[in-house]
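The values are calculated or read from the model by the stated rules, or taken from the named source; none is laboratory data. As the structure is a prediction and not an experimental result, all values here were calculated from the model. Cβ atoms come from the backbone with ideal geometry, glycine included; neighbour counts cover every protein chain shown. Side chains are part of the model used for accessible areas, which takes the heavy atoms of the whole protein and leaves out ligands, DNA and RNA. Shrake-Rupley method; radii C 1.70, N 1.55, O 1.52, S 1.80 Å.
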Amino acid sequence: MFCNQCGKTIPDASTVCPACGAPIRPAVQQTFTKEMLPKEFKVLSPWAYFGLQLLFSIPLVGLGFLIYFSISKNNYNLRAFARSYWCSLVLGLIFAVVLIIIAASLGGLASVASELSRLI
Ligand SMILES: [Zn+2]
């Protein structure tokens, strides 16, 4: 850091400037805690995430809460979690559709093969 009196560079821990002897006032260090955050930025506890996950998994009611939390501006962490839940829902849906298509085509192939073997 620098001396307020002479401007010379001084060690961080010094209480008196080695160059001019001026007393060094320690810099007021304000510790920032998550309780000081405005309510829109409040951090959610792990249990809150657990509860939200349970809430979102309720059929229809959970979907309503999911839509509400995805667009509300009450808490950005809650909104981000709801939106990420949407992403995993969409991915899960795509995955399920792909699996169904694969299963259907395999079943279709199997039935075609059995038809062919019956003919031959
Ligand atoms: Zn000084």
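Going by the structure shown, is residue 89 outside any loop (DSSP other than H, G, I, E, B) and open to solvent by 80 Å² or more (accessible area, probe 1.4 Å)?
Taking the combined requirement at face value, the residue does not satisfy it.
Has the stretch 27-43 got any residue that is within 16 Å of the ligand (Cβ to nearest atom) and either open to solvent by less than 60 Å² (accessible area, probe 1.4 Å) or small (Gly, Ala, Ser) (or both)?
There is at least one residue in the stretch 27-43 that is within 16 Å of the ligand (Cβ to nearest atom) and either open to solvent by less than 60 Å² (accessible area, probe 1.4 Å) or small (Gly, Ala, Ser) (or both).
Within the stretch 1-21, can one find any residue that is open to solvent by 80 Å² or more (accessible area, probe 1.4 Å), out of contact with any helix residue (DSSP H, G or I) (no Cβ under 7 Å at 6 or more places or on another chain) and more than 16 Å from the ligand (Cβ to nearest atom)?
There is no residue in the stretch 1-21 that is open to solvent by 80 Å² or more (accessible area, probe 1.4 Å), out of contact with any helix residue (DSSP H, G or I) (no Cβ under 7 Å at 6 or more places or on another chain) and more than 16 Å from the ligand (Cβ to nearest atom).
May I ask you to list the residues in the stretch 64-102 that are more than 23 Å from residue 43 (Cα to Cα) and among the β-branched types (Val, Ile, Thr)?
90, 94, 97, 98, 100, 101, 102
Suppose the filter is open to solvent by 70 Å² or more (accessible area, probe 1.4 Å) and more than 16 Å from the ligand (Cβ to nearest atom); does residue 83 pass it?
Yes; evaluated as a whole, the condition is true for this residue.
Which one of these does residue 115 not meet: (1) open to solvent by 90 Å² or more (accessible area, probe 1.4 Å); (2) within 21 Å of the chain's Cα centre (by Cα)?
Residue 115 satisfies all of (1) open to solvent by 90 Å² or more (accessible area, probe 1.4 Å); (2) within 21 Å of the chain's Cα centre (by Cα) except (2).
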